[in-house]
Amino acid sequence: MAMKRQENGQNRLSALMKSLSLQNMAIVYVFLILCVVLALSSDAFLRPRNIINIIRQASVVGVLAIGMTFLLSTAQFDLAVGAQAGFTGVVILLLIPVIGFIPALFASLCIAVVIGLITGAIITKIGVNSLVTTLGTLSIIKGLLLVLTDGRILRGATPELRWFGSGEILSIPFPVIAFLGLGILGEFVLNYTRYGRYLLAIGGNREASKLAGLRVDEIIISAFVLSSICATIGGIILLGRIYSASPLGGVGTEFIAITAAVLGGTSIFGGEGSVWKTVVAVLLLQVLGNGFNLLNIGANYQELIQGFIMIGAVALYTYQRRRQ
Amino acid sequence: MPRSILEMRAITKTFPGVVALDSVDLEIARGEVHAVVGENGAGKSTLMKILSGAYQRDAGSIFLNGKPADISMPADAIRQGIGIVYQDLPLVPALTVLANIYLGREKTTRLGRIDRAIHLARYQQLCDSFGIYLAPERRIRDLSVAERQLVEILKVLDRDAQVIVMDEPTATLDQNAKEALFQTARQLQAAGKSFIFITHFIDEIFEIADRVTILKDGRRVDTLDIDKTSPQEVVAMMIGHSPRDMFPEKTNTASGKPILQLRGISVGDRIRDFSMTLHQGEILGLTGLVGSGCSDIGNLIIGNLAYDRGAVMLDGEPTRISSPYEAIKRGICLLPSDRKGSGLLLDFELAKNVSLSSIDKISPRQVIQFKRERQIAADFIEQLRIVTPSARQRVRNLSGGNQQKVVLARMLYTDARILVLDEPTQGIDVRAKEEIFLLMRQLTDQGKAILFISSEFKEIAGVADRGIVLRNGAITAALERDDISEARLVAAATML
């Protein structure tokens, strides 16, 4: 009995060691090292205002990345979420004068559900792959943006809307609360609930999951709906921060969202996913930009460095996997 | 000139833990059609892979035209006149017959353009010299299986093959196509080419072959002239005398009530008018050669394959199951034949693989109880004697037998009443096989019903209470308890 307990303790210790290993936590260690370096080289970095600012600036991409983590866990992805965030802003600004604030928000969420359902259905029921399908939806949404705005920037955010960008609860800005709150909720759902297990199982082996009795198509569609809702929430925050909606708003953020989810260790082949590490990766990318500003390197280098980090991380991951 | 074109002498090949070939001889005469037969695992494929240069032999020698041949990679075999026609016909569907035949060996003009005229001339000459006709401009995707086979044959003939090896060439052909293939083989034979036919169909070798070599458990049993033997003798040699002790005793005396019935099921021309009745507490064997449609039956029972005609009855009630999800709800579970591809989540922990089909049992209000999940896995590890360091081991790191037990544990945890096991013993060692057979018998003694699908006739004969034999999607025999024997199963599966 005593021996068994000891064995148990050892098992737990080795499990803990494994979960803290470089392979599993690389992104977290890189993030921490970067933070230490920046804290040492600039007094401004650790100021609460700066930290809150970083998180707030990361929040739109962050919310998109959380949705993307769910999709990538099932071995799918969506290139249209950035454009969809921008689209949300346009829809809300156009609808507020017609139906009022709350109904406009509600309508934008309904549109998100419909977009997710259609995208998911095309991919699962017809069997078009997600790259082609979402390239198509990306183009459609970008086109809709241009048609609806006639190429102009829409203004006229109401005070209620601005609250989503800069309102505070206990002096913490709403975008920060939404981003970190969704992060915690997402991590819980993905790794601790039945639904999350289904997502990861389907990403790990779709055929085996189907034969094991999972309703694979429906679950994949639901992941597209969730990601689409996240894109809309991101779009609401974006609108609240910049008060306006441009025909190009949000376009391109999907790539940062995918980069962050992949950096966070969510496999592009599915089966593995971690929302909290995605959150860390989003913050890492943001801190990188922030650090460049603080160190006067210039933000122009950000995408360049981002690309190297992305390829480096995925190459390392793929290499380790092949060696197994 | 020596009489034999090819001689393989005392070929031996071992894999870790298995002697795949034990001093096997094979001698092919010029202009001969030579059949090589044997059950699964007899060593046919290994022998041909050594001849083609895909595997290296551990011992033995190969002679071509009486001279020692050095075959250490596939290019060597092709250069020395060995032509392999693979079962899966690796051709590029979008390209023409001509382009496929010269793929990778194109002659070009000085400007680098492919010189079609040269190819066409060579192709015409090739076809003329062997009396074959196939339009050079047709695309592979528009050809029938038989025509594709012909392209492969032309491909090896163009490289001046003297010995043409065909692996299961007739498995996917209908009667007319088969006749045409045999006709082609005879023409080529007359032109001095030799054939090695690897086949499971015993009746066919009496139509086409001059001699037959029988392999069993990696040894050559004998080589016989076709004129001096009979199908019965060949089958008897293939089977040999198998030890019976690996099978548990059949305890089932009287069958329980019918639990699952299939009546007149048809799926295109893959399955034709299939009927069966599975009783509570029995192991029903379903067997046939690879491609006979046995796996289709398993898939259609769990709703993973739609059928055009016929009826399924569960407990006597007509029913239509259209997805594995519904099947599991009704107590029917499948163990797929492709364990790694469609059975397991290889990178998931053992415990998560076990709980996959019934997560609702360990997640009241959606949240998974990890401790309970591992406890349940631990119980199955003990009950099924799964060898693993812990319930948290990734199943990728387990042996084949233990992986199979993990899939079984998942099925048992669903409390299914009907278990469909498709090739449950594929690629696992003898001890694990025995354990799985014993487990199957224990489960039926508890009242479960098992449909045991296997292309190992010996296992069906040893384990199943009753047996059904399929050939090309149609039932050729239904054997009751007292009639079931390996010889009868083999006969029904391989002879018309």
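Nothing in this text is a laboratory measurement; each read-out follows from the coordinates by a stated rule. The structure presented is a predicted model; accordingly, all values stated were derived computationally and were not measured. Please note: Cβ atoms are built from the backbone with ideal geometry, for glycine as well, and neighbour counts cover all protein chains shown.
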### Of every Cα-Cα pair in the stretch B:33-163, the percent that sits beyond 19 Å
58
### Message
Based on C-alpha coordinates, I'd like the Rg and Dmax of the stretch A:49-319, in Å.
### Response
18.1, 56
### Message
Modelling each spin label as a point 7 Å along the Cα-to-Cβ direction, I'd like the A:L46/B:R270 distance in nm, to one decimal.
### Response
6.6
#### Entry: the stretch B:203-352 - Rg and Dmax from Cα coordinates, angstrom
20.5, 58
### Message
Going Cα to Cα from B:K13, which lysines come in below 16 Å? Please leave out same-chain ones fewer than 8 positions away.
### Response
B:K44, B:K49, B:K216
### Summary
Note on the stretch B:4-239: contact order normalised by length, alpha-carbon pairs under 8 Å, 6 or more apart, percent, works out to 29
#### Entry: Spin-label zone in the stretch B:16-35 - amide nitrogen under 17 Å from a point set 7 Å from the Cα of B:V430 along the C-beta vector
B:16-22
### Task
Whole Å is fine, so just give me how far the alpha carbon centre of the stretch B:115-161 lies from that of the stretch A:199-233.
47
### Message
Amide H of B:A59 versus every other amide H placed in the peptide plane: which residues, excluding those fewer than 5 positions away on the same chain, fall under 5 Å?
### Response
B:T12
### Query
Leaving out same-chain residues fewer than 8 places away, which lysines sit with a Cα under 23 Å from that of B:K250?
B:K405, B:K433, B:K448, B:K458
### Summary
Listing A:T134, B:T109, B:T425, A:T266 by rising number of other beta-carbon atoms within 10 angstrom, fewest first, gives B:T109, B:T425, A:T134, A:T266
### Query
By a straight-distance test (C-alpha under 16 Å), which lysines pair with A:K125 as possible cross-link partners, with residues fewer than eight away in the same chain excluded?
A:K210
#### Entry: Alpha carbon centroid spacing (whole Å) that separates the stretch A:23-102 from the stretch B:1-32
66
### Query
Per the Kirkwood formula on distinct C-alpha pairs, the Rh of the protein assembly as shown is how many angstrom?
31.1
### Task
Would you kindly give the portion of the calculated P(r) for the stretch B:14-80 that falls above 20 Å, as a percent of all Cα pairs?
30
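Averaged over all directions, how much area does the convex hull of the C-alpha atoms of the stretch B:258-494 cover when projected, in nm²? Could the numbers behind the result be given before it?
Numbers: hull surface 49.8 nm².
In nm², the orientation-averaged hull projection of the stretch B:258-494 is 12.5.
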### Message
Can you give the log10 of the normalised intensity I(q)/I(0) at q = 0.12, 0.18 Å⁻¹, computed with Debye over equal Cα scatterers of the stretch B:311-428?
### Response
-0.44, -0.93
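To two decimal places, what compactness ratio does the stretch A:172-283 give when its Cα radius of gyration is scaled by 2.2 N^0.38 Å? Could you put the intermediate results ahead of the total?
Working: Rg = 15.4 Å, N = 112, 2.2 N^0.38 = 13.2 Å.
Output field value: 1.17.
Neighbour counts of other C-beta atoms within 10 Å: give me B:R211, B:R417 arranged from fewest to most. Each step should come with its number before you reach the end.
Details: B:R211 20, B:R417 17.
If I rank by nearby Cβ atoms, fewest first, I get B:R417, B:R211.
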### Task
Quick one: P(r) of the stretch B:337-391 from all Cα-Cα pairs, 10 Å bins, percents rounded to integers, in order of increasing distance.
23, 51, 25, 1
### Task
Evaluate the Debye formula for the stretch A:234-324 with equal point scatterers sitting on the alpha carbons, no solvent, and hand back log10 of I(q)/I(0) at q = 0.16, 0.23 Å⁻¹, in q order, two decimals.
-0.78, -1.21
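If each residue of separation counts as 0.36 nm, what is the full-extension length gain between B:D482 and B:K340 once their alpha-carbon separation is subtracted?
Extra length available between B:D482 and B:K340 comes to 47.5 nm.
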### Query
By what distance, in whole Å, do the Cα atoms of the stretch B:131-197 stretch along each of the three principal axes, largest value first?
31, 26, 19
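When only Cα pairs under 8 Å and 6 or more residues apart are kept, what is the percent relative contact order across chain A?
Values: 492 pairs, mean separation 109.1, N = 324.
Normalised by residue count, the contact order of chain A is 34 percent.
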### Message
What percentages make up the Cα-Cα pair-distance distribution of chain B when the bins are 10 Å wide from 0?
### Response
4, 17, 24, 23, 18, 10, 3, 0, 0
### Of A:L145, A:L190, A:L20, the one that fluctuates the most in a GNM where chain A has Cα springs shorter than 10 Å
A:L20
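Taking the Cβ of each residue in B:L439, B:L103, B:L305 as the centre, tally the other Cβ atoms inside 10 Å and list the residues starting with the fewest. Write down the numbers at each step before the final one.
Details: B:L439 18, B:L103 12, B:L305 15.
In increasing order of surrounding Cβ atoms, one gets B:L103, B:L305, B:L439.
Explain nothing, just the number: relative contact order of chain B, from Cα pairs under 8 Å at least 6 residues apart, as a whole percent. Don't jump to the answer; show the numbers that get you there.
Values: 961 pairs, mean separation 75.0, N = 496.
15 percent.
Suppose only helical runs count, i.e. DSSP H with n ≥ 4. What mean residue ellipticity at 222 nm does that imply for the protein assembly as shown under -39500 (n - 2.57) per run, divided by all residues and rounded to the nearest 500 deg cm²/dmol?
Values: 30 runs with 409 residues, N = 820.
Roughly -16000 deg cm²/dmol at 222 nm, from the helical runs in the protein assembly as shown.
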### Summary
The distance between the Cα centres of the stretch B:336-386 and the stretch B:427-492, in whole Å, is 27
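Please list the equivalent ellipsoid semi-axes of the stretch B:4-239, computed as the square roots of five times the alpha-carbon gyration tensor eigenvalues, in descending order and whole angstrom. All intermediate terms of the calculation are to be shown ahead of the outcome.
On the way: eigenvalues 198, 86, 49 Å².
For the stretch B:4-239, the semi-axes come out at 31, 21, 16 Å.
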### Message
No solvent, one uniform scatterer per C-alpha: report log10 I(q)/I(0) for the stretch B:402-488 via the Debye equation at q = 0.20 1/Å, two decimals.
### Response
-1.01
